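S.K.: If you scroll down you'll find the structure; I have some questions about it.
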Amino acid sequence: MTAAFTVLGAGTWGSVIANHLSAAGHQTTLWHYRQAFADELAASRKHPHLDDFVLHADVAVTADLASAVAAGGILMVAVPSQEVRSVIEQIGPAFAGHEVANLSKGIEQGTLLRMSQVIAQAGGLPAERIASVYGPSHAEEVFKGVPTTLVAASTNMDYARRLQKLLSTSNLRVYANDDITGVELGGSIKNVIAIAAGICDGIGFGDNTMAGLLTRGLAEVTRLGIALGARLETFAGLSGVGDLAVTIYSPYSRNRRLGIAIGQGRTADESMAEMGMVAEGVYTARSVIDLADRAGVEMPICREVHRVLFEGKPPQQAISDLMTRDLRDEALA
């Protein structure tokens, strides 16, 4: 089974998934919004943020959005979350008739919509033609063939299972799930918890702290997910505890690296400037607090990350305040 894919976004994950698709025998086009970047990637086949990466010879690279969209029946959205709406709106009427496999993780600021909802609204596409593909999958390992597992989530299980077959290879195994709400929330909010993990690492805390942060962070994500209609078991899956674990512990995690810099004394703005790459957890930290307030859900870790990022609260004080909150029974809800 083969298909024609267009990957919108030639960041690290977009480029690696394009490589994966081409190697699996699919017709693959990779789009980047900057002509100079697209030209360089097409010529050199190397990516500036991926050492030893070589783009598959059959991947077509372009900065022409219209031709990129026309080339693929399935559009894979791999641009930063806050740019998804803009890209979809630029496509315009040509978006109709396509199916979408979304890779972008986040919650849109202002609207508080998940990425599949943004795509549906901006592109006028029915939900049954949209899936989100999430899971513990750092690009730096996927292109090296490290065994990786993902989940394709859609309200349309026929589409989710078709994507499952199209994407799965001997090194990348895909599961199907119809709880797209839970999958997207888990895969997005974990980036906020990862910033907290990095802060703790930067300060010098150890394994005890990380284990507690993972557990209580997962409890927060689960509480919000259930309040918004997701299923409990989704958060025990790949986009829940799986994605959270890899983002908290991996040296490849941008959100964790951002947190480490903050924990070592740099400001959030300084840390982001030094990275030179998008850390989605910063944007999600803004949105998730608004979403939690709207749903009436308590999310103390995410709230303290928000205060550190945007209110100038010292990280040590944030941790102290978390540790000295009112004592309670352990429960998810």
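S.K.: Looking at region 268-321, which of the residues that are among the hydrophobic types (A, V, I, L, M, F, W, C) and touching a Pro at 6+ places or on another chain (Cβ under 9 Å) is nearest to residue 139 (Cα to Cα)?
M.R.: 278
S.K.: Could you tell me whether region 238-245 includes any residue that is among the charged types (D, E, K, R), over 24 Å from residue 148 (Cβ atoms), under 19 Å from the mean Cα position of the chain (by Cα) and modelled with pLDDT of 95 or more?
M.R.: no
S.K.: Which of the helices (runs of 4 or more DSSP H) contained wholly in region 144-254 include at least 3 residues that are in the same structural domain as residue 301 (by TED's automatic domain parsing) and buried (at least 21 other Cβ atoms within 10 Å of the Cβ)?
M.R.: Correct list: 180-203, 207-227, 243-249.
S.K.: Take the residues of region 56-88 that are over 16 Å from the mean Cα position of the chain (by Cα) and acidic (Asp, Glu): which is farthest from residue 16 (Cα to Cα)?
M.R.: Looking at residues that are over 16 Å from the mean Cα position of the chain (by Cα) and acidic (Asp, Glu), I get 64.
S.K.: Which fully enclosed strands (runs of 3 or more DSSP E) of region 1-94 have 3 or more residues being hydrophobic (A, V, I, L, M, F, W, C)?
M.R.: 4-8, 74-77
S.K.: Can I ask one more? Just checking, how many residues over region 274-311 are free of Cβ contacts under 8 Å to residues at least 24 places away in the same chain, more than 28 Å from residue 331 (Cα to Cα) and not aliphatic (A, V, I, L, M)?
M.R.: Result for region 274-311: 3.
S.K.: Within region 9-24, is there a residue that is surrounded by 21 or more Cβ atoms within 10 Å (Cβ to Cβ), outside the structural domain of residue 288 (by TED's automatic domain parsing) and at positive phi?
M.R.: yes
S.K.: Could I ask something else about it? Residues 86, 104, 67: which one is at pLDDT 95 or above, of a type outside the set (A, V, I, L, M) and surrounded by 24 or more Cβ atoms within 10 Å (Cβ to Cβ)?
M.R.: Just one listed residue meets the conditions, 104.
S.K.: Let me ask something else about it. Among the residues that make up region 219-226, is at least one of them over 24 Å from residue 78 (Cβ atoms), modelled with pLDDT of 95 or more and hydroxyl-bearing (Ser, Thr, Tyr)?
M.R.: So far as region 219-226 goes, yes, one or more of its residues are over 24 Å from residue 78 (Cβ atoms), modelled with pLDDT of 95 or more and hydroxyl-bearing (Ser, Thr, Tyr).
S.K.: Is it the case, given these coordinates, that residue 2 is surrounded by 18 or more Cβ atoms within 10 Å (Cβ to Cβ), over 30 Å from residue 224 (Cβ atoms) and among the polar types (S, T, N, Q)?
M.R.: no
S.K.: Only one of (1) touching a residue at least 60 places away in the same chain (Cβ under 8 Å); (2) among the small types (Gly, Ala, Ser); (3) crowded, with 22+ Cβ neighbours inside 10 Å fails for residue 271. Which number is that?
M.R.: Every condition holds for residue 271 apart from (1).
S.K.: In this structure, is residue 116 touching a helix residue (DSSP H, G or I) at 6+ places or on another chain (Cβ under 7 Å), of a type in the set (S, T, N, Q), outside any helix (DSSP H, G or I) and in contact (Cβ under 8 Å) with a residue 40 or more places away in the chain?
M.R.: So residue 116 fails the test.
S.K.: Shifting gears a bit: Please pick out the residue among 55, 75, 41 that is closer than 21 Å to residue 252 by Cβ and either in contact with a strand residue (DSSP E or B) (Cβ under 6 Å, 6 or more places away or on another chain) or aromatic (Phe, Trp, Tyr) (or both).
M.R.: Criteria check complete, one pass: 41.
For (1) of a type in the set (S, T, N, Q); (2) modelled with pLDDT of 95 or more; (3) loosely packed, with under 15 Cβ neighbours inside 10 Å, each residue gets a yes or a no:
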{"position": "260", "(1), (2), (3)": "no, yes, no"}
{"position": "264", "(1), (2), (3)": "yes, yes, no"}
{"position": "267", "(1), (2), (3)": "yes, no, yes"}
{"position": "281", "(1), (2), (3)": "no, no, no"}
{"position": "288", "(1), (2), (3)": "no, yes, no"}
{"position": "291", "(1), (2), (3)": "no, yes, no"}
{"position": "296", "(1), (2), (3)": "no, yes, yes"}
{"position": "299", "(1), (2), (3)": "no, yes, no"}
{"position": "302", "(1), (2), (3)": "no, yes, no"}
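S.K.: Only residues that are within 16 Å of residue 305 (Cα to Cα) and either in contact with a His (Cβ under 9 Å, 6 or more places away or on another chain) or among the small types (Gly, Ala, Ser) (or both): list them for region 220-249, please.
M.R.: Matches in region 220-249: 247 only.
The values are calculated or read from the model by the stated rules, or taken from the named source; none is laboratory data. As the structure is a prediction and not an experimental result, all values here were calculated from the model. Ideal geometry is used to build each Cβ from the backbone, glycine not excepted, and the neighbour counts take in all protein chains shown.
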